[in-house]
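To start, the structure itself, in structure tokens.
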Amino acid sequence: MNVRFAERSTLRAVRAYRDKESSNGEDGTHITFDLSSNELALPPLPTVLGGIEERLPQLARYPDPTARDLTSEVARHLCVSADELAVGPGSAGVLQQLLLALCGKGDEVVYAWPGFDAYPLLVAISGATSVQAPLTASGGHDLDEIRTRVSARTKVVILCSPHNPTGATIDHDELRGFLHSLPDHVVTVLDEAYVEFDRGSDPPGTPGLLREHRNIVVLRTFSKAYGLAGLRVGYAAGPQQVMAAVRKAAIPFGVTRFAEQAAILSLRSEGELMERLAAAAAAREELTAGLRTLGLPVLPSRANFVWLPLAGAAESFTRAAASAGVKVRSYPGHGARISVGETEAHRMLLAALGQKDHGAEF
Ligand SMILES: Cc1ncc(COP(=O)(O)O)c(C=O)c1O
């Protein structure tokens, strides 16, 4: 007898996160370097590894369900109070909590597309409907376009700066105007997963934004610049009442004590970690220059990846990279995204793209 069940209707249209991907190229080519997930190509700092090791004997115990120590550390770091924070299993986990807490059937969530590919899935899990707005030609957010899509049904707007997958940033003055223009039933999430890579620009100024506006939640992660993607820890900062709701929607014990300790130690070693980002920025500029020398279009990026607006040629480009043993991310119809990675990965990729006569393909 078959079980009778009803999948949440919004889930029917989406697939599990990256479920069709394999660790090899499509045609089975062996992948030597994975430049498809915007990870940091550096090992964790020894102090961070040591902190995790110290906690291994406590594996039989649940972690602190409130991750109080990390919450206090982040509060100090951002100059906000603990009530204005929610930590969770990756910033994707925290975003899921926020959407579950604020949205349901019939509600809408507006964001720019192409964007982080978990957004449509997380919105569908909450039962809400995605409303997507196109990016500008330079890969940035078109805040006017986004604003026109905000309706009485909109509960959340998600903005991402630097934007995944293009690396473009949102100007804070424009953002302020946008936040002022919104009706008071809309919460804006500013996803700053890559903000630490945005070197050379004005300081991100997030604490200021949080003080000035009561309708913004900032989302941050330890996965990218802090190099802790495998531990799953991130946080959101925003108005107390919103954050209280976000904390309620958490899966119990979602942040392990290893993740908590590693994140605390990372914040305390921030100077050392941020020094490494100068190297990442230099590698990004070298990769950009190398690709442009081959005649490929590359947008300026403020993150740890670069975007090639290849439109219909995105898939053939991704296949060419895979045949050189390098996995990059294809956004069919839009472009391809290459994470800044190991020097050798860049060398292999550029050499392979340079050798072949790809002129006709992309
Ligand atoms: C824009 C953006 N936000 C959030 C995340 C999620 O990061 P995590 O859940 O690892 O914190 C990612 C990961 O790629 C991302 O690109």
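The values are calculated or read from the model by the stated rules, or taken from the named source; none is laboratory data. Note that the structure is a prediction, hence the values are computed from the model and not measured. With ideal geometry, Cβ positions are generated from the backbone for all residues, glycine too; neighbour counts draw on all protein chains shown.
Observations
- Sole residue being hydrophobic (A, V, I, L, M, F, W, C), surrounded by 14 or more Cβ atoms within 10 Å (Cβ to Cβ) and outside any loop (DSSP other than H, G, I, E, B), chosen from ALA250, ALA281: ALA281
- Some residue of the range 326-347 being over 25 Å from PHE197 (Cα atoms) and either outside any helix (DSSP H, G or I) or at pLDDT below 95 (or both): yes
- Residues within the range 94-108 that are over 19 Å from LYS248 (Cβ atoms) and within 16 Å of the ligand (Cβ to nearest atom), tallied: 0
- Checked against (1) at pLDDT 95 or above; (2) more than 29 Å from LEU310 (Cα to Cα), PRO207 passes all but condition (1).
- Filtered by the rule that a residue be of a type in the set (Gly, Ala, Ser), within 16 Å of the ligand (Cβ to nearest atom) and out of contact with any strand residue (DSSP E or B) (no Cβ under 7 Å at 6 or more places or on another chain), the range 142-200 gives a lone residue, ALA168.
- In the range 38-49, the count of residues that are at pLDDT below 95, within 14 Å of the ligand (Cβ to nearest atom) and buried (at least 18 other Cβ atoms within 10 Å of the Cβ) is one or more.
- Counting the residues of the range 72-93 that are loosely packed, with under 14 Cβ neighbours inside 10 Å and under 19 Å from LYS248 (Cα atoms) gives 1.
- Every pair of residues 6+ apart whose Cβ atoms lie under 9 Å, when the first sits in the range 75-95 and is farther than 19 Å from ARG257 by Cα and in the same structural domain as ASP117 (by TED's automatic domain parsing) while the second is more than 8 Å from the ligand (Cβ to nearest atom) and in a loop (DSSP other than H, G, I, E, B): VAL80/GLY238; GLU84/GLY238; GLU84/PRO239
- Among the residues of the range 112-152, just one is hydrophobic (A, V, I, L, M, F, W, C), surrounded by fewer than 15 Cβ atoms within 10 Å (Cβ to Cβ) and within 17 Å of VAL187 (Cα to Cα), namely ALA152.
- Residue match in the range 114-123 (condition: assigned by TED's automatic domain parsing to the domain that holds VAL233, closer than 26 Å to PRO300 by Cβ, small (Gly, Ala, Ser) and not in a loop (DSSP other than H, G, I, E, B)): yes
- Against the numbered list (1) more than 14 Å from GLY167 (Cα to Cα); (2) part of a loop (DSSP other than H, G, I, E, B), LEU299 comes up short only at (1).
- Checking GLY254, GLY227 one by one, the residue that is touching a strand residue (DSSP E or B) at 6+ places or on another chain (Cβ under 7 Å), within 16 Å of the ligand (Cβ to nearest atom) and not basic (Lys, Arg) is GLY254 and no other.
- Within the range 302-316, considering residues that are in a helix (DSSP H, G or I) and within 23 Å of the chain's Cα centre (by Cα), the one surrounded by the most Cβ atoms within 10 Å (Cβ to Cβ): ALA314
- The range 117-134, residues that are in contact with a Leu (Cβ under 9 Å, 6 or more places away or on another chain) and within 13 Å of the ligand (Cβ to nearest atom): ALA118, TYR119, LEU121, LEU122
- Restricting the range 155-192 to residues that are out of contact with any Gly (no Cβ under 8 Å at 6 or more places or on another chain) and closer than 22 Å to ALA281 by Cβ, the residue that is surrounded by the fewest Cβ atoms within 10 Å (Cβ to Cβ): ASP171
- Condition check for ASP69 on (1) part of a helix (DSSP H, G or I); (2) surrounded by 17 or more Cβ atoms within 10 Å (Cβ to Cβ): one failure, at (2).
- When the test is whether a residue is assigned to a loop (DSSP other than H, G, I, E, B), in contact with a helix residue (DSSP H, G or I) (Cβ under 9 Å, 6 or more places away or on another chain) and either touching a residue at least 24 places away in the same chain (Cβ under 8 Å) or within 16 Å of the ligand (Cβ to nearest atom) (or both), ILE31 passes it.
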